[in-house]
Amino acid sequence: MYEYAIAWDWITFAVRWLHVITAIAWIGSSFYFVALDLGLKKHPALPPGAYGEEWQVHGGGFYHIQKYLVAPANMPNHLVWFKWESYVTWLSGFGMLCLVYYAGADLYMIDPAVLDVSKPVAIAISLCSIAGGWIMYDLICKSPFGNDNTRLMVALYFILVAVAWGYTHLFTGRAAFLHLGAFTATIMSANVFFIIIPNQKIVVADLIAGRTPDPKYGRIAKQRSTHNNYLTLPVLFLMLSNHYPLAFGTQFNWIIASLVFLMGVTIRHWFNARHADAGKPTWTWIVTVVLFIVIMWLSTVPKILTGEPVTKISAIQQPFIAAQDFPKVRDTVMGRCSMCHAKEPSWEGIIAPPKGVVFETDRDIAAHAREIYLQAGRSHAMPPANASHITDEERRLLVSWYESAVKGEKTQ
């Protein structure tokens, strides 16, 4: 059974790799087309029906690109659709959510000091909130309220603030940020799947049939594409945040997340303005830096979101504490790891426990038994560069302790 932990870790790595690859492809194509669209040039010599064109150079060649708001006189036989990048990014991201957070809900999602629920309930809350977020967003966009783009985006921002606050009152800080990212990424990918691509297909079908397409389909797709453009950078921040406890593990983490969404808007506005030859809005960078300084200040508040240490020991953790060699394991972990993995690390240069992992109680060690086994037992990833001089004998002890506990045996 302990080999299962190794296989599971590799599967998680493979899905994460796929997620990163497809996310790069989706974000890259999205940013490229936004820049291309904003940079199109108009002149009288354009072919009939052409809206604008752009000359670009890359890889030793020149590219001549023309945009048609409707379609050229003759529809091409081969039409490339940019959609699978979005779909696979979401699917692989949901796979990561299942592999890491749903499978390890008792460790990564549930904090009894925030909301003491069972794993099935926590997973149900997660799924319903993500699905419900898309439904709510879509209904608002389709309502008369969504006809004013500025009013709509302001309202959506305050909804995201409320969702950020809500998640921090349901899950651990780490899971709250991840879920806020999944909530937003689901809206983005659903925009592509349910709105942008279907609308484009309607337009193409009308053109092939000789009908004049209704311009509303292009207008709706453009609105959703704009939302995706401004949401991309905050989603990236939220997905990376699980490596930075100062972002997710402090008292005002929901405010930090809210400010990150504003930073995404200011950064994208600068690039959009530059691509559209609309000047250089330097003020956006000033605002971005100020917002980031405020975020750093908020992260220094000493009160930890999860409150007092949780002493409740789950049935999954009990075998690791009951193992005969656990006292030796505790001494090893405390002696070799706790200088960094403590609420107040003593190792110079480390001001917060890496990834928010703390080893100060028996429950802390048991809760992270699999990570200890993989990081310090089966591999030499921890401590980094063996800074605390953990011995080979101590690594063998960690391996023996974990494998025996998993098999239900007493260590000797």
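The values are calculated or read from the model by the stated rules, or taken from the named source; none is laboratory data. Every value quoted in this text rests on a predicted model; they were computed, and no experiment measured them. Cβ atoms come from the backbone with ideal geometry, glycine included; neighbour counts cover every protein chain shown. Calculation scope for accessible area: heavy atoms of the full protein, side chains included, ligands and nucleic acids excluded. Shrake-Rupley method; radii C 1.70, N 1.55, O 1.52, S 1.80 Å.
Can you give me the number of residues within the range 171-182 that are part of a helix (DSSP H, G or I), open to solvent by 10 Å² or more (accessible area, probe 1.4 Å) and not small (Gly, Ala, Ser)?
Residues in the range 171-182 being part of a helix (DSSP H, G or I), open to solvent by 10 Å² or more (accessible area, probe 1.4 Å) and not small (Gly, Ala, Ser): 2 in total.
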Filtered residues of the range 280-300 (kept if touching a helix residue (DSSP H, G or I) at 6+ places or on another chain (Cβ under 6 Å) and more than 25 Å from residue 254 (Cβ to Cβ)): 281
(1) within 15 Å of residue 325 (Cβ to Cβ); (2) open to solvent by less than 40 Å² (accessible area, probe 1.4 Å); (3) hydrophobic (A, V, I, L, M, F, W, C) all hold for residue 367 apart from (1)
Going through the range 234-266 in order, the residues found to be open to solvent by less than 20 Å² (accessible area, probe 1.4 Å), at pLDDT below 95 and of a type in the set (Ser, Thr, Tyr) are 241, 250
Can you confirm whether the range 230-240 contains a residue that is under 17 Å from residue 89 (Cβ atoms), in a helix (DSSP H, G or I) and among the aromatic types (Phe, Trp, Tyr)? yes
Of the residues that sit in the range 195-219 and are part of a loop (DSSP other than H, G, I, E, B) and charged (D, E, K, R), which one is nearest to residue 135 (Cα to Cα)? 214
Could you identify the single residue in 154, 161, 203, 192 that is out of contact with any helix residue (DSSP H, G or I) (no Cβ under 9 Å at 6 or more places or on another chain) and aliphatic (A, V, I, L, M)? 154
Of everything in the range 206-233 that's among the β-branched types (Val, Ile, Thr) and open to solvent by less than 70 Å² (accessible area, probe 1.4 Å), which residue is nearest to the chain's Cα centre (by Cα)? 232
Go through 390, 316 for me and flag whichever is out of contact with any strand residue (DSSP E or B) (no Cβ under 7 Å at 6 or more places or on another chain), in a loop (DSSP other than H, G, I, E, B) and surrounded by 18 or more Cβ atoms within 10 Å (Cβ to Cβ). 390
